[in-house]
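Read through the structure below, which is laid out as structure tokens, and then see the notes.
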Amino acid sequence: MAEELEKSMHKEESLMEKISDKIHDHDSSSSSDSEHEKPESPSALKAKIYRLFGREKPVHKVLGGGLPADVFLWRDKKLSASVLGVATAIWVLFELVEYHFLSLVCHILIFALAALFLLSNAHAFMNKTPPKIPEIHIKEEHFLLIVSALRNELNQAFVILRSIALGRDLKKFLMVVFGLWIISVVGNWFNFLTLVYICFVVLHTVPMLYEKHEDKVDPVAEKTLKELKKHYMVFDEKVLSKLPVASLKAKLG
């Protein structure tokens, strides 16, 4: 009897040990799961960080991706430097040297045609095969895609201008007027070619610098946007809300 009691006590103790081990394993697994879940919280918080203009995609995709985005973001430094160098050379020719565009095109065509003409005749004189000059054809599909995209943008611009002209959106009206006024002021400082060149240089520098320092720029932009919204709310309350726009909208509606 004593031996049977000892065996039963031993079985109960082993059973209790197993239960305690299972409980301990469950606690350790739950704690390990919680530890694994902890690193996810910074990523979740990072996803909620304000991004400039409310973008959700990387800067490369915002710029359209592909070769143009690579050029603007200096992914291929040689190509980006070459494009910027060509643009600078064109600006120097037309702006500083005061070379005319039509004259430049004609001189380039004269030089190219003369070189190809002499080269073809030299090969014929030496009984060699003439140089292969590729045939250039503009595909109708590509041309139609470009024209269609331009048509869509123009139609969208006309829709916005029409809605502004009808007085239905005061905010857009003020934004368009302010933007046109800024462009007119800048247009008085530079001519059209210099302005295009400045925009080209900005496209080659600002996106690249922003991509490198976006984590520092975005918080500053968020604070600035909040301040601008506060000033706009004050302006709206004191000025815009007192304008008879509501009655005009009711008449037009």
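The values are calculated or read from the model by the stated rules, or taken from the named source; none is laboratory data. Remember, it's a predicted structure, so these values are computed and weren't measured experimentally. Here Cβ is always computed from backbone atoms with ideal geometry, including for glycine, and neighbour counts include all displayed protein chains. To get the accessible areas, we keep the full protein, side chains included, count just its heavy atoms, and leave off ligands, DNA and RNA. Shrake-Rupley method; radii C 1.70, N 1.55, O 1.52, S 1.80 Å.
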Problem - Peptide ranges 179-185, 57-63 listed from the most packed, as the mean C-beta count within 10 angstrom indicates - result: 57-63, 179-185
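Run the accessible area of the stretch 97-174 with a 1.4 Å probe and give the carbon-and-sulfur part as a rounded percent.
The nonpolar share, carbon plus sulfur, comes to 71 percent.
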Completion exercise
Of T224, T194, ordered by accessible area with the largest first and a 1.4 Å probe, the sequence is T224, T194
Handout entry: Spacing of the two label points (7 Å from each Cα toward its C-beta) at K57 and N152, in nm
Key = 1.2 nm
Exercise for the section: Would you mind computing, in nm to one decimal, how far apart the modelled labels at I133 and K229 are, each placed 7 Å from Cα along Cα→Cβ? Expected result: 6.2 nm
Exercise for the section: Mind giving me the nanometre distance, one decimal, between the label points for T205 and I182, set 7 Å out from Cα along Cα→Cβ? Expected result: 1.8 nm
Exercise for the section: Give the dimensionless ratio obtained when the Cα radius of gyration of the stretch 181-229 is divided by 2.2 N^0.38 Å. Expected result: 1.50
Fill in the blank from the handout: Fraction of alpha-carbon pairs in the stretch 128-253 farther than 24 Å apart, rounded to whole percent, equals 64 percent
Completion exercise
Checking rank on 209-220, 127-138, 101-112, with mean other Cβ inside 10 Å and highest first, the result is 209-220, 101-112, 127-138
Problem - Order of exposure, largest accessible area first, which applies to W189, W74 with probe 1.4 Å - result: W189, W74
Practice task
Could you run the Karplus curve 6.51 cos²θ - 1.76 cosθ + 1.60 with θ = phi - 60° over the stretch 100-107 and give me ³J(HN,Hα) per residue in whole Hz, x for Gly and Pro?
Solution key: 8, 5, 4, 5, 5, 4, 5, 5
Exercise for the section: Report the charge-dipole magnitude of the stretch 128-244 in Debye, nearest 20, computed about the Cα centre from +1 at each Lys and Arg Cβ and -1 at each Asp and Glu Cβ. Expected result: 260 debye
Exercise for the section: With all protein chains present, calculate the accessible area of L144 using a 1.4 Å probe and round the result to the nearest 10 Å². Expected result: 90 Å²
Fill in the blank from the handout: Accessible-area order for K229, K77, largest to smallest, probe 1.4 angstrom, reads K77, K229
Completion exercise
Ordering 146-152, 90-96 by per-residue average of other C-beta atoms within 10 angstrom, highest first, gives 90-96, 146-152
